[in-house]
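Novice: Just dropping this structure here.
The values are calculated or read from the model by the stated rules, or taken from the named source; none is laboratory data. Model, not experiment: these values are computed from the prediction. Quick reminder, even Gly has a Cβ in these numbers, built from the backbone with ideal geometry, and neighbours come from all protein chains shown. Quick note on the areas: whole protein, heavy atoms, side chains included, nothing else; ligands and nucleic acids left out. Shrake-Rupley method; radii C 1.70, N 1.55, O 1.52, S 1.80 Å.
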Amino acid sequence: MATKKDYYEILGVTRSASKDEIKGAYRTLAMKFHPDKNKDAGAEDRFKEISEAYAVLSDDTKRQTYDQYGHAGFDQRYSQEDIFRNANFEDIFRDFGFSFGGGSGSPFDDLFSSAVFGGSQRGRGNRGRGADLRYDVQITLEEAAKGVEKELNYKHNKKCEHCKGSGAEPGSKVTTCSTCKGHGQVQSVKNMGAFGSFRSITTCPACAGNGEKPEKECKECRGSGSQIITEKLEVAIPAGVDTNSQLRLGGLGERGPSASGDLYVFIHVKEHAFFKREDDDIYLETPISFSQAALGAEIEVPTLSGKANLKIPAGTQTHTLLRMKGEGMPRVHGGGKGDQFVRVIIRTPTNLSEKQKKHLSDLGDTPKKGMFEGMFR
Ligand SMILES: [Zn+2]
Ligand SMILES: [Zn+2]
């Protein structure tokens, strides 16, 4: 497969572009390449490309995932269908009066229902896919650094044992659903006046997308074909994750008539008492004594993996940031580790003996010319 172009590049915006800039860029390009307007070969592909880029960059969560993981990581987490789910093209096209569906035979209708969605929004292919589930998991910074197994109380629906998922009481006859006439989906058409009509297709509520209904419903699951159960689920959280990292467990979402949705585990990393994280680097403050700073020393400081020695060079000033290479967070992508930065804070000595005071006083005299000397006349 050819390498995918960068979404920002496709829309011609910078990585820090605001939502309005992104919308504006997409609008301009869509005007140019919309198949209603542009009949050139390649315009349709270009239109699909910019639409995909817009679908991702106009959605905060998707944009963040793309920024963090790039195409490869993003595609692992989102299917083509996920990309376009919830994307709002309607208001953009309404603005310039293009058709956006409605069985008018417009190319846009085709693009969005078959080409872009890979055809799965139509027909029986995607009928009755179960909903995606979300679980939020809180972990400590140490757990994020090492990776951790977490047990979820995983509440989901499972095939009903009694009817084997058919929803029919064993032995009862099955008939075609009268609401959807066996299609499993029902259509509703929203009239948008001058802008055409917008058609939405939803799963048939009467048969839950099955297209058929039993004469007698299963008494265990009341015809749903599934039962809600709670079970324990072990999830392996990889080292290096941060708040907003998501794990996608394919097929572990709600069970649907034809396929199950996915389970998304959202990670939240707790604030740490003394480690502060910035991307893959860790920041820490540590007090040192005046003499350690003046003479140099080797001290022990905590790290995410335990502790390590830190060398303080002679003559270190207070608030100096010292770097400990490779003691930061593991990188989820690309391998290696960030660094730990230690800010040393010099403690001014108190309760000095007469002798110590004398020593310090001598020290204070050393630079005979003070730096403000010239200011006092
Ligand atoms: Zn049942
Ligand atoms: Zn039906």
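Novice: Given 20 °C and 1.002 mPa s, how large is the Stokes-Einstein diffusion coefficient of region 241-280 in µm²/s, with Rh as the Kirkwood radius over Cα pairs? Intermediate results must be reported in sequence, preceding the final value.
Specialist: Numbers: Rh = 12.3 Å.
Here the translational diffusion coefficient equals 175 µm²/s.
Novice: Moving to a separate point now. Calculate, in nm to one decimal, what ARG248 and THR61 gain on full extension: separation in residues at 0.36 nm each, minus their alpha carbon distance.
Specialist: Additional length available on full extension: 65.9 nm.
Novice: Using a 1.4 angstrom probe with every protein chain in place, what is the largest-first accessible-area order of HIS156, HIS319?
Specialist: HIS319, HIS156
Novice: Can you pull the one-decimal nm distance between simple spin-label points at ARG222 and ASN309, each 7 Å off the Cα toward Cβ?
Specialist: The answer from the label model is 7.0 nm.
Novice: Can you figure out the FRET efficiency of GLN68 with SER188, using R₀ = 41 Å and their beta-carbon distance, to the nearest 0.05?
Specialist: So, using R0 = 41 Å, E works out to roughly 0.65.
Novice: While we're looking at this one, here's another question. So which GluC sites (Glu not before Pro) in region 128-173 are both in a DSSP loop and have at most 14 other Cβ atoms within 10 Å of their Cβ?
Specialist: Working: sites: GLU142, GLU143, GLU149, GLU151, GLU161; in loops: GLU161.
Hits after loop and neighbour filter: GLU161.
Novice: Quick one: ranking LEU29, LEU11 by accessible area, 1.4 Å probe, largest first, what do you get?
Specialist: I get LEU29, LEU11, largest accessible area first.
Novice: Tell me which of SER258, ALA273, LEU247 sits at the most positive position along the dipole axis of region 240-279, charges placed on C-beta atoms (Lys, Arg +1; Asp, Glu -1).
Specialist: SER258
Novice: Jot down the radius of gyration and Dmax of region 217-298, Cα atoms only, both in angstrom.
Specialist: 24.4, 84
Novice: In addition: Under the Kirkwood approximation applied to all pairs of distinct alpha-carbon atoms, what is the hydrodynamic radius of region 160-318 in Å?
Specialist: Numbers: mean 1/r = 0.0450 Å⁻¹.
About 22.2 Å, per the Kirkwood formula over Cα pairs.
Novice: Now for a different question. Calculate the FRET efficiency for ALA131 and THR350 from the Cβ-Cβ distance with a Förster distance of 45 Å, rounded to the nearest 0.05. All intermediate terms of the calculation are to be shown ahead of the outcome.
Specialist: Details: r = 63 Å, r/R0 = 1.41.
With a Förster radius of 45 Å, E is 0.10.
Novice: What accessible surface, in Å², does a 1.4 Å probe find on LEU360, ignoring ligands, DNA and RNA and rounding to the nearest 10?
Specialist: The value for LEU360 is about 60 Å².
Novice: Normalise the Debye intensity by I(0) for region 276-368, one equal point scatterer per Cα, no solvent, then take log10 at q = 0.11, 0.14 Å⁻¹ and round to two decimals.
Specialist: -0.42, -0.59
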